[in-house]
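The values are calculated or read from the model by the stated rules, or taken from the named source; none is laboratory data. Computed from a prediction, not measured in an experiment: that's the story for all the values here. Virtual Cβ from ideal backbone geometry, glycine too; neighbours counted across all protein chains shown. Note: areas computed on protein heavy atoms with side chains; ligands, DNA, RNA excluded. Shrake-Rupley method; radii C 1.70, N 1.55, O 1.52, S 1.80 Å.
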Amino acid sequence: MNTLKFIARTTMLSVSALSLNMLTMAQVERSNVEDKYKWDLTPIYKSVDDWRQEKEKLAQSISDIRKYKGRLAESASTLYAYLHQDSENGRIMAKLYIYASLLSDQDIRIADNLALVKEVQQVGINYAQLTDFVSSEMASIPEETYKKFREQEPRLEDFRMTIDRVLRERKHTLSEAEEAILAKMSIIGNTPYDAFSVFSDAEMPTPSVKLSDGSTVELSHATFANVRCSQVREDRKATFEAFWDNYKKFEGTFGELMNGNIRRRQFDAVVSKYPSALDAALYGNNIPTDVYKSLVDNVNRNLSTFHRYLKLKARLLGLDSLEYYDLYAPAVADVDLTFTFDEARQMILDAIKPLGEDYSNVVQRAFEERWIDFMPNKGKASGAYSNGGAYDVHPYILMNFDGRYESVGTMIHELGHTMQSYYSNLRQPYPLADYSIFVAEVASTFNEALLDDLMLSRLTNKAERISLLMSMLDGFKGTLFRQTQFAEFQLEASKMAERGEPITGKALSELYGRITRKYYGHDAGICNVDERVNIEWAFIPHFYMGFYVYQYSTSFVASQALSEDVLKSKPGALERYLNFLACGDSKYPIDQLADAGVDMLSSQPFDTAIAKMNALMDEIEKLL
């Protein structure tokens, strides 16, 4: 197990912008929030003292893992003993990390809680160095020996995916000394992202803008995301110009940070003998690179559908010419779909009924047993996520509920992640419970589709119905087209590095601008993409996560196909979907989705998503 990698990705993060209402609510101190709206962390550890006792015990015991150095091929029982001990260390380390990170996210102003996170991260770093011998040693064991060991020791079945990955990746595994060097280098591998986060989130100067009502707003990331949704076009334009002009000032700095990130991934790929950084990123989960490239090709072939959406957006806004700064404006003015917490909870319970009684009962437990931290408070982490890595307990959700329909969508989205973690942890042994990022967004966007279907069955007011339909189309825009646009940018930037071309802020801006203008139909007069948009790449933290964003798009198209089958009561669809949720890491993700009824090696799920998008636009045009 790559402990550092696991610690880095135990949170399924879905960051969403804060509304002005939420910003007001966020001024409440946590002590003034009712307990029923706050998660209960005592099932993980009763207190920080209990956490510290287990952390110290683990820190002292992990050195025992060195006794297996040079012995992994000794016998089936020795190999199992090592894998079991490694798994147990990882389980405890994840539990320690999750408790510390959740505690810190309650109020990030409390330095002592952040210190707990750093402590367990250091344990992970130490453990990675202690196990630097494992990759090369396991890779040197012949396939026939593994086969014999599995026959002799049935408990090795829990580690079948670990062994299969070792066999698949052996040609990319280096010598023990080389792997030890790479392990030490991994400590500094995240420096570009860490520097980006500190600068972008804390130290970068924040511009201000004067709005049409005479007020002046400081454009933090949260307020920018909020004001760009304004119904006042001149405010949107002024905000857009001030925000991106500020980013443009630091184009060179952001360029060097991204250069370091791209070069580091290229270095890792070359050293480990992969054809490219893309191959290196997808190989571990057995994802053919054609899946990535086909996604980009399919989206490019269907840009006319995206352009149809943009034209519809302009029509609803009453604009002759759509500008990039208009994209987040509400398509229907003065429609206020807001809900109380109790209304939102009941809507979610009604929406998930198609998934059966057991699924609904577990979600009910999540509400009643305080698995969820609902309300914003001073110092609380923004956005939303589900964390299911505490294998022995239950998943936890952080969110900042503000009553908007989008916030209800966020809640049911995170519950999708939670239920996938819950079922995988319930049905799989720990070594097989941690599902791939490739399938992680399927369950969440599936739940969003259920909520939208419920709302469409209830809304009869024309304006509200159009507003909801446009909100659904915004999901296609943001998840299918925008994330694929990001994926294409990442691929082309990586190719620049492979060709030996300089990676500078200016070069990245030119590349991003060219791709963005293509997607938004700039040359065809569909949407004008101002030169200021070129720097938008510097704003996206996901670009520091390797070839990651394409999985939002693939998960989205898969969930559209699966939810259609379940809502239409297609024979066997529900059973296949629930089995998919419980799959964990027991199969490679492409195989999991195939069992659920989606062939990601074909264009079928993509075609289904495009057909659904066009159907939504057909209905809006009829209503108009």
Fill in: Hits in region 275-318 (condition: touching a Pro at 6+ places or on another chain (Cβ under 8 Å) and of a type in the set (Val, Ile, Thr))
287
Practice prompt. Output the residues belonging to region 223-236 that are at pLDDT below 95, crowded, with 16+ Cβ neighbours inside 10 Å and more than 26 Å from the chain's Cα centre (by Cα).
Written response: 230
Discussion item. Could you list, ordered by first residue, the pairs with Cβ atoms under 9 Å in which the first is in region 512-536 and among the small types (Gly, Ala, Ser) and the second is open to solvent by less than 10 Å² (accessible area, probe 1.4 Å) and at pLDDT below 95, at least 6 apart or interchain?
Written reply: none
Discussion item. Between 197, 220, which is more than 27 Å from residue 287 (Cα to Cα), of a type in the set (Gly, Ala, Ser) and open to solvent by less than 40 Å² (accessible area, probe 1.4 Å)?
Written reply: 197
Practice prompt. Using the structure shown, decide if residue 181 is modelled with pLDDT under 95, aliphatic (A, V, I, L, M) and either part of a loop (DSSP other than H, G, I, E, B) or touching a strand residue (DSSP E or B) at 6+ places or on another chain (Cβ under 6 Å) (or both).
Written response: no
Practice prompt. May I ask you to list the residues in region 527-547 that are aromatic (Phe, Trp, Tyr) and within 23 Å of residue 327 (Cβ to Cβ)?
Written response: 537, 539, 543
Worksheet entry | Qualifying residues in region 364-379 (those that are assigned to a loop (DSSP other than H, G, I, E, B) and of a type in the set (A, V, I, L, M, F, W, C)) - the one most open to solvent (accessible area, probe 1.4 Å) | 375
Item to complete: Among the residues of region 386-399, write down those that are closer than 17 Å to residue 374 by Cβ and open to solvent by 10 Å² or more (accessible area, probe 1.4 Å).
Response: 394
Item to complete: Could you tell me which of the residues 573, 582, 594, 558 is farther than 30 Å from residue 199 by Cα, free of Cβ contacts under 8 Å to residues at least 40 places away in the same chain and open to solvent by less than 20 Å² (accessible area, probe 1.4 Å)?
Response: 573
Worksheet item: Across region 332-359, which residue is most open to solvent (accessible area, probe 1.4 Å) among those that are over 24 Å from the mean Cα position of the chain (by Cα) and small (Gly, Ala, Ser)?
Response: 333
Worksheet item: Any idea which of (1) farther than 30 Å from residue 254 by Cβ; (2) at pLDDT 95 or above; (3) of a type in the set (A, V, I, L, M, F, W, C) is the one residue 561 doesn't satisfy?
Response: (2)
Response to the item:
Across (1) in a helix (DSSP H, G or I); (2) modelled with pLDDT of 95 or more; (3) over 26 Å from residue 372 (Cβ atoms), residue 102 clears everything bar (3)
Discussion item. Given the criterion more than 30 Å from residue 436 (Cα to Cα), in contact with a Cys (Cβ under 9 Å, 6 or more places away or on another chain) and touching a residue at least 60 places away in the same chain (Cβ under 8 Å), identify the matching residue among 328, 309.
Written reply: 328
Discussion item. Quick test of your reading of the structure: residue 19 fulfils all but one of (1) open to solvent by less than 80 Å² (accessible area, probe 1.4 Å); (2) of a type in the set (S, T, N, Q); (3) at pLDDT 50 or above. Name the failing condition by number.
Written reply: (3)
Worksheet item: What helices (runs of 4 or more DSSP H) completely inside region 185-286 contain at least 1 residues that are within 30 Å of residue 173 (Cα to Cα)?
Response: 191-198, 251-271, 277-283
Practice prompt. Working only within region 396-447, note down all residues that are in contact (Cβ under 8 Å) with a residue 60 or more places away in the chain and assigned to a loop (DSSP other than H, G, I, E, B).
Written response: 400, 401, 402, 403, 428, 429, 433, 434, 435, 436
Practice prompt. Please work out which one of (1) surrounded by fewer than 16 Cβ atoms within 10 Å (Cβ to Cβ); (2) touching a residue at least 40 places away in the same chain (Cβ under 8 Å); (3) among the small types (Gly, Ala, Ser) is the condition residue 208 fails and give its number.
Written response: (2)
Item to complete: For region 571-593, indicate whether the set of residues that are in contact with a Cys (Cβ under 7 Å, 6 or more places away or on another chain), under 21 Å from residue 448 (Cβ atoms) and not aliphatic (A, V, I, L, M) is non-empty.
Response: yes
Response to the item:
For residue 327, the lone unmet condition from (1) in contact with a strand residue (DSSP E or B) (Cβ under 8 Å, 6 or more places away or on another chain); (2) open to solvent by less than 10 Å² (accessible area, probe 1.4 Å); (3) farther than 30 Å from residue 415 by Cα is (3)
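Do we have any residue at all in region 27-42 that's small (Gly, Ala, Ser), in contact (Cβ under 8 Å) with a residue 24 or more places away in the chain and part of a helix (DSSP H, G or I)?
Within region 27-42, none of the residues are small (Gly, Ala, Ser), in contact (Cβ under 8 Å) with a residue 24 or more places away in the chain and part of a helix (DSSP H, G or I).
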Worksheet item: Applying the selection to region 401-420, what residues are touching a strand residue (DSSP E or B) at 6+ places or on another chain (Cβ under 8 Å) and open to solvent by 10 Å² or more (accessible area, probe 1.4 Å)?
Response: 404, 405, 410, 413
Worksheet, complete the sentence: The correct count of residues that are open to solvent by 50 Å² or more (accessible area, probe 1.4 Å) and out of contact with any Phe, Trp or Tyr (no Cβ under 8 Å at 6 or more places or on another chain) in region 168-189 is 10
Worksheet item: Only one of (1) in a helix (DSSP H, G or I); (2) open to solvent by 20 Å² or more (accessible area, probe 1.4 Å); (3) touching a residue at least 40 places away in the same chain (Cβ under 8 Å) is not met by residue 122, so which one is it?
Response: (3)
Worksheet item: Of the residues 253, 239, which is open to solvent by 30 Å² or more (accessible area, probe 1.4 Å) and either over 27 Å from residue 463 (Cα atoms) or not hydrophobic (A, V, I, L, M, F, W, C) (or both)?
Response: 253
Worksheet item: When you go through (1) open to solvent by less than 50 Å² (accessible area, probe 1.4 Å); (2) among the acidic types (Asp, Glu); (3) out of contact with any strand residue (DSSP E or B) (no Cβ under 8 Å at 6 or more places or on another chain) one by one for residue 105, which number turns out not to apply?
Response: (3)
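Conditions tested, residue by residue: (1) open to solvent by 20 Å² or more (accessible area, probe 1.4 Å); (2) more than 30 Å from residue 621 (Cα to Cα).
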{"residue": "264", "(1), (2)": "yes, yes"}
{"residue": "269", "(1), (2)": "no, yes"}
{"residue": "273", "(1), (2)": "yes, yes"}
{"residue": "295", "(1), (2)": "no, no"}
{"residue": "314", "(1), (2)": "no, no"}
